[in-house]
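A short worksheet on the structure shown next.
The values are calculated or read from the model by the stated rules, or taken from the named source; none is laboratory data. Owing to the predicted nature of the structure, the values given are computational and were not obtained by experimental measurement. Methodologically, a virtual Cβ is constructed for each residue, glycine included, from the backbone with ideal geometry; neighbour enumeration extends over all protein chains shown. For the accessible areas, the whole protein counts, side chains as well, though only heavy atoms, and no ligand, DNA or RNA atoms are used. Shrake-Rupley method; radii C 1.70, N 1.55, O 1.52, S 1.80 Å.
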Amino acid sequence: MAPDIEIYDTTLRDGSQGHGVSFSVADKLKIAERLDRFGVHYIEGGWPGSNPKDIEFFEEAKRRRFTQAKLAAFGSTRRKEVRAEHDDQVRLLIDAATPVVTIFGKTWLLHVREVLQTTPEENLAMIEETVRFLTQQGRLVVYDAEHAFDGYKDDPAYALASWQAAERGGADIVVLCDTNGGSVPAEIAEITRAARARLGGRIGIHTHDDIGLGVANALAAVDAGATQVQGTINGFGERTGNCNLTTLIPNLAIKLKLRSVPAESIALLKELSQFVDEVANVRPNPRQPWVGSAAFSHKGGTHVNAVQKLLRSYEHIDPALVGNSRQVLISELAGRSNIIMKAKELGFDVTKDTPELSAMLTRVKALEHEGYEFEAADGSLALLIRRALKEEPTPFRVDAYHVSMRSQGKASICEATVKVRVGNEHAHTVADGDGPVNALDGALRSALVRFYPDLQTVRLTDYKVRIVDSSVGTAARTRVLIESSDGTSSWTTIGVNENIIEASLQALVDSLEYGLLKKEFAAHVV
Ligand SMILES: [Zn+2]
């Protein structure tokens with residue numbers, strides 16, 4: 001069934017311009033795949049004309065299949081006085097080979113005159129010709145009207161003329177952008193209605209959260225007839241961020257009863273939010289609406305039964321609808337179904353009648369209390385489930401290790417010693433590295449490849465460290481996420497400890513153990 005509102009995700013482009021956010025190409029691919037599974041309609045992967053990383057992303061993306069979402073490359077209209085087909089930046093958009101191309105152009109005469117330093121007529125030609133060139137190349141074109149609202153307020157007739165130019169060129173949709181984020185809902189609604197009255201095609205909305213109205217403004221536009229909303233997961237984006245899709249999507253589905261992403265995805269919203277935070281290595285915002293850990297937390301204190309009755313009257317929805325949970329009363333049932341779902345995803349046959357299920361749940365809860373977070377660490381979760389199901393000795397054990405550092409002139413060198421046991425055999429190795437984790441990894445690996453030559457192909461591809469909120473436990477803990485790859489698939493493992501080296505070793509051990517056992521697990525683990 002066609003959606004009422006299309007969701008256009010720009011986490012990987014506008015969101016990556018956010019404060020403290022930096023995605024590698026591998027991060028971007030992981031997020032794109034996750035967004036596709038979640039069911040957004042468009043994924044804006046990046047701006048190939050602005051950086052080589054985004055060109056590489058689109059090269060890699062050519063080899064992937066997206067089943068629900070259409071991938072979009074982002075760029076701008078041609079430069080002034082250059083034919084669209086001769087503009088390098090426009091050519092890069094074609095080279096990205098995406099089904100959708102989104103280009104932005106100027107609505108506001110102030111920008112036309114002062115920033116582009118061209119004539120109003122040339123700006124209209126730039127818009128129309130670029131859109132036409134791209135549609136002639138078989139692309140579906142989304143036209144982002146930059147500063148649409150400020151431009152309209154300044155000169156409504158010119159603003160409309162610029163949007164009509166995009167429509168004449170063949171744009172599939174004209175998206176009104178509140179680029180500076182300073183408009184209020186009533187203005188957004190009024191101008192969106194005016195655009196609807198004058199344009200023939202569909203209208204979308206792209207808002208920013210500069211005055212805390214990103215989502216409200218998008219909803220005002222929807223109310224006025226916009227059928228596509230652009231935004232980012234967790235509201236990542238420049239300055240105070242973009243329209244937060246993690247807030248917008250449940251508002252559309254649950255409050256306004258409008259179809260956007262598949263209904264079954266709504267319950268995966270918290271998971272998606274956590275996943276994107278983990279990949280971005282950003283501390284989740286506990287006060288985030290709908291999906292924050294505090295969104296349904298209650299300061300209890302009274303008798304449990306009474307609180308449970310009372311809670312319903314203090315909750316606007318059942319938190320499970322968005323995959324969240326009540327903080328004071330963690331639902332035992334929700335926990336179980338989460339594990340069952342995860343286990344199935346990882347290729348294990350676990351049902352609600354599996355006897356080991358409650359042991360798994362207890363273990364996961366105990367570890368989460370210590371600061372573990374399995375949302376982005378499927379490798380470690382797979383091992384945890386496997387350990388509960390199979391009473392097999394682990395393929396190896398680390399009996400002892402030692403890490404030291406010395407400085408030599410300007411350089412510092414780390415040395416790690418590791419004692420490993422495999423069955424009844426022992427190995428004792430030493431390795432240098434440019435950091436303690438690198439040295440530890442080297443020592444562990446050289447001890448193990450003698451027993452398991454397959455490990456030669458396993459490489460550590462990413463390493464992320466975060467301090468876990470100290471209010472959770474007594475002392476601040478360090479959470480380490482390690483991503484590894486053997487060239488055919490990749491997996492992420494986790495370690496948590498007060499000591500960063502110990503946390504890293506845990507994640508390394510899981511990484512290598514997973515590498516040895518991965519044949520048993522489903523192929524899509526990331
Ligand atoms: Zn923007």
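Quick look at the numbers
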quantity: Residues of the stretch 220-241 satisfying the condition of being under 22 Å from the mean Cα position of the chain (by Cα) and either within 19 Å of Val291 (Cβ to Cβ) or more than 15 Å from the ligand (Cβ to nearest atom) (or both); calculated: Val229, Gly231, Thr232, Ile233, Asn234, Gly235, Phe236, Gly237, Thr240, Gly241
quantity: Qualifying positions in the stretch 104-114 - assigned to a helix (DSSP H, G or I) and touching a residue at least 12 places away in the same chain (Cβ under 8 Å); calculated: Leu109, Leu110, His111
quantity: The stretch 131-148, subset out of contact with any strand residue (DSSP E or B) (no Cβ under 7 Å at 6 or more places or on another chain) and in a helix (DSSP H, G or I), residue surrounded by the most Cβ atoms within 10 Å (Cβ to Cβ); calculated: Phe133
quantity: Residue in the stretch 480-508 that is modelled with the lowest pLDDT, counting only those that are among the hydrophobic types (A, V, I, L, M, F, W, C) and within 16 Å of Thr461 (Cα to Cα); calculated: Trp491
quantity: Test: Glu128 is among the acidic types (Asp, Glu), open to solvent by less than 70 Å² (accessible area, probe 1.4 Å) and closer than 15 Å to Ala165 by Cβ; calculated: yes
quantity: Filter pass, Gly170 being away from the ligand (no atom under 16 Å from the Cβ), under 34 Å from the mean Cα position of the chain (by Cα), without any contact (Cβ under 8 Å) to a residue 40 or more places away in the chain and open to solvent by 50 Å² or more (accessible area, probe 1.4 Å); calculated: no
quantity: Boolean, Pro250 is in contact (Cβ under 8 Å) with a residue 40 or more places away in the chain and within 19 Å of Thr67 (Cβ to Cβ); calculated: no
quantity: Glu190 in a helix (DSSP H, G or I), open to solvent by 10 Å² or more (accessible area, probe 1.4 Å), in contact (Cβ under 8 Å) with a residue 12 or more places away in the chain and away from the ligand (no atom under 16 Å from the Cβ); calculated: yes
quantity: Selection count, the stretch 173-185, where residues are within 16 Å of the ligand (Cβ to nearest atom) and open to solvent by 40 Å² or more (accessible area, probe 1.4 Å); calculated: 2
quantity: Those residues of the stretch 149-167 which are under 31 Å from the mean Cα position of the chain (by Cα) and either surrounded by fewer than 23 Cβ atoms within 10 Å (Cβ to Cβ) or among the small types (Gly, Ala, Ser) (or both), in sequence order; calculated: Asp150, Ala166
quantity: Pair list, Cβ < 7 Å and 6+ apart or interchain, from the stretch 361-387 residues that are open to solvent by 40 Å² or more (accessible area, probe 1.4 Å) to residues that are assigned to a loop (DSSP other than H, G, I, E, B); calculated: Glu370/Gly473
quantity: Residue under evaluation Asp27, criteria (1) more than 23 Å from Arg259 (Cβ to Cβ); (2) without any contact (Cβ under 8 Å) to a residue 40 or more places away in the chain; (3) not aromatic (Phe, Trp, Tyr), criterion not met; calculated: (2)
quantity: Elements of type strands (runs of 3 or more DSSP E) contained in the stretch 405-498, each with 2 or more residues being open to solvent by 60 Å² or more (accessible area, probe 1.4 Å); calculated: 411-422, 425-433, 459-468
quantity: Elements of type helices (runs of 4 or more DSSP H) contained in the stretch 198-291, each with 2 or more residues being open to solvent by 20 Å² or more (accessible area, probe 1.4 Å); calculated: 214-223, 269-280
